[in-house]
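First comes the structure, then the notes that go with it.
The values are calculated or read from the model by the stated rules, or taken from the named source; none is laboratory data. Note that the structure is predicted; figures quoted are calculated from it, not measured. With ideal geometry, Cβ positions are generated from the backbone for all residues, glycine too; neighbour counts draw on all protein chains shown. Areas reflect the complete protein model, heavy atoms only, side chains present, ligands, DNA and RNA absent. Shrake-Rupley method; radii C 1.70, N 1.55, O 1.52, S 1.80 Å.
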Amino acid sequence: MQDRAKILILGHGVLGGAVLDFLSQSGQAYDLYVGARDVERANQRVNLARYTAYNLGRYPAVDVLPIDLMNVEATAEQLAALRPDIIFNATTLHSWWVITQLSPDAYRQIDRARGGIWTPMHIVLVRRLMKAVREAGLESVVVNASYPDVTNAALAAEGLSPTVGIGNIANAVPGIRLAAAHLLSCDPQRIDVRFFAQHYISYRMPSTGTTDGAPYHLTVYREGQRVEPDELSHEEIFANVAGRFRRVKGLAGQSVTASSATSVLCALADRVERVVHAPGPLGLLGGYPVRIAPAGISVDLPEGLSLEEAVEINRQCQKFDGIEAVESDGTVRFTAETVNVVRELLGYDYSAMALDECEARAEELAAKFAEFRRRVERSDGVHAA
């Protein structure tokens, strides 16, 4: 890595734009680049980041590059010319918030399929990106925001796994620390945690105050000393996360995900040793505490928990998200409940996705969902009338 870390952000939407803002305002000497198909729109978003940073007395170095991830060869050429130290992928064919724009009833129906249903649409662009990185012969660290709990693990079968993910499990950790500090009557800075869980818990627990039976592992520390469950119950912690420390969610709450991404990117760029929480490290499925250090990254395990046990927790937890298994060849198998919901609502009948068919599956799923959306919107209009 060069003296000034060179960071390429792919995507400048809700998440990518927010991360650009955080990095631009950090005051750190990064060389920032935004890669996008629509250069004009990207330039306008970069200028917004510049305006905001300048108001705060920060003067980031930011440039825009024309990059179309669907064109692997052209992307590889761009990457080879730029040689970024870190690549942050904030692209997907299906942003998570799209289904939240449905009517409440339609959202409840489609949410029964859980997050795993959208795997084909999340994996297409990051898979092409990783092919371009390999074709360019780069050793760049790739940080992936597109359902990394599953996509990173699936891509590992092809030797294409990004280095680490962001968000998801990390989004639940601040609330857990706040709740634990409240219950222990101490400053949140004195609290540290090691939390292991798949994406499902990270969005379900903060809303309901429970894990709905999904497995996880949580160790809480106060000033470095382990707090035993008989002194602090997890049920009380989770209830407080969803109660006293409930936060704004949806698009308005996306800054939590962006801040989790920024913490990972800054630790990598600053070449410091820091423990963060992140999904998909080293091609593993689910979420973990991750130690980032100049020598590389590793899973930060608490005493009494092995890596094999941590992986098994995530393997069982992912079933609550609609993922039955991620096979050794990268095939993603979906639970029977998810398959049934998708068949019932979308007329889309599939139980597994092999990596080499992800693009065809994504195209079909997008078309089926668009038709479902039109259908429920027409129905809502009739009911409103």
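For the range 180-205, which positions are in contact (Cβ under 8 Å) with a residue 24 or more places away in the chain and over 30 Å from Thr335 (Cβ atoms)?
Ala180, His182, Leu183, Leu184, Cys186, Arg190, Ile191, Asp192
Search the range 328-356 for residues being of a type in the set (Asp, Glu) and without any contact (Cβ under 8 Å) to a residue 24 or more places away in the chain, and hand back the single one that is surrounded by the fewest Cβ atoms within 10 Å (Cβ to Cβ).
Selected residue: Asp349.
For Arg274, state whether it is open to solvent by 40 Å² or more (accessible area, probe 1.4 Å), under 23 Å from Tyr147 (Cβ atoms) and either at pLDDT 95 or above or touching a Phe, Trp or Tyr at 6+ places or on another chain (Cβ under 7 Å) (or both).
Details: open to solvent by 40 Å² or more (accessible area, probe 1.4 Å): yes; under 23 Å from Tyr147 (Cβ atoms): no; either at pLDDT 95 or above or touching a Phe, Trp or Tyr at 6+ places or on another chain (Cβ under 7 Å) (or both): yes.
No.
Taking only pairs six or more apart or across chains, which ones have beta-carbon atoms under 7 Å, a first residue in the range 96-112 that is among the β-branched types (Val, Ile, Thr), and a second residue that is assigned to a helix (DSSP H, G or I) and open to solvent by 30 Å² or more (accessible area, probe 1.4 Å)?
Close Cβ pairs (under 7 Å, with a partner that is assigned to a helix (DSSP H, G or I) and open to solvent by 30 Å² or more (accessible area, probe 1.4 Å)) amount to Ile99/Tyr107; Thr100/Tyr107; Thr100/Gly250.
Please verify whether Leu251 is part of a helix (DSSP H, G or I), out of contact with any Cys (no Cβ under 6 Å at 6 or more places or on another chain), open to solvent by less than 30 Å² (accessible area, probe 1.4 Å) and within 26 Å of Leu10 (Cβ to Cβ), treating the condition exactly as stated.
Numbers: part of a helix (DSSP H, G or I): yes; out of contact with any Cys (no Cβ under 6 Å at 6 or more places or on another chain): yes; open to solvent by less than 30 Å² (accessible area, probe 1.4 Å): no; within 26 Å of Leu10 (Cβ to Cβ): yes.
In short, no.
Give the residues of the range 301-327 that are among the hydrophobic types (A, V, I, L, M, F, W, C), assigned to a helix (DSSP H, G or I) and in contact with a strand residue (DSSP E or B) (Cβ under 7 Å, 6 or more places away or on another chain), sorted by residue number.
Correct list: Leu307, Ala310, Ile313, Cys317.
Looking at (1) open to solvent by 10 Å² or more (accessible area, probe 1.4 Å); (2) part of a helix (DSSP H, G or I), can you tell me which one Ile110 breaks?
(1)
Which condition number does Cys317 fail, the rest of (1) over 26 Å from Ser140 (Cβ atoms); (2) crowded, with 19+ Cβ neighbours inside 10 Å; (3) over 17 Å from the mean Cα position of the chain (by Cα) being met?
Of (1) over 26 Å from Ser140 (Cβ atoms); (2) crowded, with 19+ Cβ neighbours inside 10 Å; (3) over 17 Å from the mean Cα position of the chain (by Cα), only one is false for Cys317: (3).
Filter the range 191-232 down to the residues that are basic (Lys, Arg) and crowded, with 18+ Cβ neighbours inside 10 Å and list them by number.
Arg194, Arg204
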